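The values are calculated or read from the model by the stated rules, or taken from the named source; none is laboratory data. Predicted, not measured: the structure shown is a model, and the values here were computed from it. Backbone-built Cβ (ideal geometry, glycine too); neighbour counts: all protein chains shown.
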Amino acid sequence: MRNKSLNTLKLSSVALAVSFFAASRTTVLAQGQNAWRVPYVYEIAQGEWQGPRLADGQPDVRGHWSNTIGNHNNITDPQGRFPLDPPSANEKPRDTRAPSRLVLPADGEFPLQPWARAKQQEFMSNLYSATRPEYVEPLARCAPGGPTKSFLWHGYEIRQYPNYVLFLFDSGTRLIHLDKTGEAAPLDEDIKLWNGDSRGWWEGNTLHVQVRNHNGKARFGRTGEFVSEHALITERFIFDNDGERYRYEADYVDDTVLTEPIRFAIPSRRITEDTPQDGWNNITFAVNYPGGVTRGIEAYERTCVENNGSHGDVSIY
Amino acid sequence: MSKKFRFSGAGVLVAGLLFSASVYAQENPRTSEGRPDFSGIWQAHSGPEFDLEPHGYRKDAPPGKGIVEGGRIPYQEWALEERNRRFEQRSTEDPRLHCFTLGTPRAIYYPEPFQIFQDNDALTLLFQFSHRARTIHTNGSVHPEGGIGFWFGDSRAQWKGDVLEVSVTDFNDQTWLDRAGNFHSESLQVIERWELIDSNTIRYHATLEDSQVYTQPWSLSVLLHRHREPGFQIIENTCYTLGFDEYYPVPK
């Protein structure tokens with residue numbers, strides 16, 4: 001009774017991840033992806049919000065979004081090849097590709113301590129021949145992407161409600177509590193979560209978030225960089241007043257893994273019904289209304305591990 | 001082309017009569033459009049997850065009176081045999097054991113909380129188990145063209161006074177209805193009725209129809225209770241990572 005259309009019609013997050021894994025050696029991009037991706041990270045100043053607001057006063061930034069640079073293939077050269085892949089004939093010069101996902105340190109390199117660098121190199125070197133469980137990139141198992149990597153992957157959706165901002169990713173869900181009263185007590189530090197527990201507040205056009213209780217397991221990309229559960233994470237979602245772009249920044253401080261603090265910067269654009277479907281940034285469908293009218297877009301159901309076969313589906317009980 | 005859900009059965013008529021008179025006081029929380037506001041964290045206190053039908057105590061389940069109207073699910077003969085087979089294999093074949101999306105209606109009465117977020121276009125249900133989200137669209141949209149095979153089904157709703165009536169369709173056949181092997185096919189269609197009977201209690205009623213599995217439509221209902229403990233929150237339960245999270249970010 002298995003629905004035969006499931007594997008053909010449904011754009012599975014895992015199918016896309018696996019297919020991109022297979023294609024990474026040649027770094028081929030669909031035409032839609034080329035049109036969406038840009039080689040720069042725009043600056044957006046923090047300041048007043050002049051756009052529409054919700055009834056509770058939040059800036060209205062609801063909708064579908066996606067990062068404009070690429071994926072999690074290579075954190076320090078996000079539009080470049082995976083380091084173990086041979087260069088392609090049409091590989092563009094480094095200075096024409098997007099900069100590192102890190103804006104701090106200034107050289108864009110991931111400042112791992114020697115022991116952590118050795119581990120990162122080990123993970124990267126063994127990505128294509130995962131003879132040990134830890135060599136499988138966790139996102140390939142459909143594990144949640146973690147606070148930052150979730151914004152490097154497929155398109156996602158932002159929903160807002162009084163006291164909450166909700167992010168819906170193909171790789172999990174993340175709820176930002178807008179704690180004004182402090183009534184909601186933070187979780188005990190022994191509770192460790194892939195996406196952490198997030199508390200935030202708005203200042204003008206910027207959503208500030210502090211992330212606690214994260215487990216540090218997500219890793220940042222196929223190149224294997226990581227931090228630990230001890231990392232202090234603060235985020236800023238800085239929205240342009242045109243309502244079409246925002247810049248995500250995340251600061252990580254972790255003196256058990258890093259030699260100095262780091263800062264990520266990830267640009268994102270709004271996806272609308274006019275955005276070309278590309279199977280990566282925009283995985284949505286037009287919405288039906290009575291009378292044959294179509295209007296707006298919706299994402300497909302966000303399930304991953306259910307369709308991942310033995311790659312990540314491990315019985316838990 | 002819109003996808004209409006039609007089914008017959010006395011259960012539908014009875015349900016309609018039961019829900020025709022609103023019991024939700026006007027002064028209780030409502031949205032800006034005057035609709036009952038379901039926002040909050042909810043959980044069923046009864047034990048239908050263990051077995052929807054009446055059952056005695058078992059090694060893996062407490063006793064329960066069941067929540068199926070009429071007592072038993074009206075299976076076709078082959079389907080009853082299949083249900084019984086699944087019951088015997090429940091300790092290995094239940095998709096819950098993989099932390100998979102529970103589906104509809106099982107996620108509603110599963111013994112973990114879920115949070116409802118509501119605006120004028122939709123209700124978003126965030127389930128603690130597997131940390132999955134289900135959207136019930138209230139914006140007047142209709143079902144997409146079929147054949148996608150959702151784990152939760154596709155949900156489109158309309159207000160009938162203070163009752164939210166939800167048509168759920170386009171399921172896959174991968175979910176169970178409980179831990180006792182009760183199941184459905186991809187032909188399942190569900191009509192849900194959500195009603196706040198007071199500001200802290202939801203009466204949830206679902207009628208299930210599946211021409212491949214059941215001889216006729218049948219219904220169940222549970223009460224959902226609001227969590228009012230100070231500081232209570234949904235906590236990410238991504239249990240599907242338990243089989244491998246020890247290896248990340250660095251094996252211990």
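So, of the residues in the stretch A:137-156 that are of a type in the set (A, V, I, L, M) and crowded, with 20+ Cβ neighbours inside 10 Å, which turns out to be farthest from the other protein chains (Cβ to nearest Cβ)?
A:Leu152
Starting from residues that are among the aliphatic types (A, V, I, L, M) and in contact with a Lys or Arg (Cβ under 8 Å, 6 or more places away or on another chain), keep the ones in the stretch A:55-79 and report whichever is surrounded by the fewest Cβ atoms within 10 Å (Cβ to Cβ).
In the first step, residues of the stretch A:55-79 are kept if they are among the aliphatic types (A, V, I, L, M); the result is A:55, A:61, A:69, A:75.
With in contact with a Lys or Arg (Cβ under 8 Å, 6 or more places away or on another chain) added as a condition, the list becomes A:69, A:75.
Working: A:Ile69: 21, A:Ile75: 24.
Only one residue tops the list, namely A:Ile69.
Which count do you get for residues in the stretch B:151-160 that are in contact with an Asp or Glu (Cβ under 9 Å, 6 or more places away or on another chain) and more than 17 Å from B:Leu102 (Cβ to Cβ)?
Going through the stretch B:151-160, the residues in contact with an Asp or Glu (Cβ under 9 Å, 6 or more places away or on another chain) turn out to be B:151-155, B:157-159.
Retained after the next criterion (residues that are more than 17 Å from B:Leu102 (Cβ to Cβ)): B:157-159.
Going through the stretch B:151-160 one residue at a time, the tally reaches 3.
Name the one entry in B:Leu97, B:Leu102 that is of a type in the set (A, V, I, L, M, F, W, C), farther than 30 Å from B:Tyr24 by Cβ, within 13 Å of chain A (Cβ to nearest Cβ) and surrounded by 15 or more Cβ atoms within 10 Å (Cβ to Cβ).
Working: B:Leu102 fails: farther than 30 Å from B:Tyr24 by Cβ.
Just one listed residue meets the conditions, B:Leu97.
Scan the stretch A:265-279 and give yes if some residue there is of a type in the set (D, E, K, R), more than 14 Å from chain B (Cβ to nearest Cβ) and in contact with a strand residue (DSSP E or B) (Cβ under 8 Å, 6 or more places away or on another chain), otherwise no.
Yes, the stretch A:265-279 contains at least one residue that is of a type in the set (D, E, K, R), more than 14 Å from chain B (Cβ to nearest Cβ) and in contact with a strand residue (DSSP E or B) (Cβ under 8 Å, 6 or more places away or on another chain).
Hey, which of the helices (runs of 4 or more DSSP H) in the stretch B:29-129, taking only ones fully inside, have at least 2 residues that are over 20 Å from the mean Cα position of the chain (by Cα) and not charged (D, E, K, R)?
B:77-88, B:90-93
Let me confirm something: among A:Asp77, A:Asp60, which residue is of a type in the set (Asp, Glu) and touching a residue at least 40 places away in the same chain (Cβ under 8 Å)?
A:Asp60
Here is a list: B:Glu209, B:Glu195, B:Glu186. Which entry is free of Cβ contacts under 8 Å to residues at least 40 places away in the same chain and of a type in the set (Asp, Glu)?
Result of the check over B:Glu209, B:Glu195, B:Glu186: B:Glu186.
Look through the stretch A:178-195, keep the residues that are modelled with pLDDT of 95 or more and at the interface with chain B (Cβ under 8 Å from one of its Cβ atoms), and return whichever of them is nearest to A:Glu298 (Cα to Cα).
A:Asn195
Which residues, counting only those in the stretch B:116-126, are facing chain A (nearest Cβ under 9 Å) and without any contact (Cβ under 8 Å) to a residue 40 or more places away in the chain? Give the steps one after another, and end with the answer.
We begin by selecting, within the stretch B:116-126, every residue facing chain A (nearest Cβ under 9 Å); these are B:117-119, B:122, B:124, B:126.
Once the filter is applied, which keeps residues that are facing chain A (nearest Cβ under 9 Å) and without any contact (Cβ under 8 Å) to a residue 40 or more places away in the chain, the stretch B:116-126 yields B:Ala122, B:Thr124.
Residue check: is B:Arg72 within 14 Å of chain A (Cβ to nearest Cβ) and closer than 23 Å to B:Leu188 by Cβ?
Spelling it out, it is not the case that B:Arg72 is within 14 Å of chain A (Cβ to nearest Cβ) and closer than 23 Å to B:Leu188 by Cβ.
Check whether at least one residue in the stretch B:236-244 is aromatic (Phe, Trp, Tyr), under 20 Å from A:Val305 (Cα atoms) and either more than 13 Å from chain A (Cβ to nearest Cβ) or without any contact (Cβ under 8 Å) to a residue 12 or more places away in the chain (or both), and report yes or no.
yes
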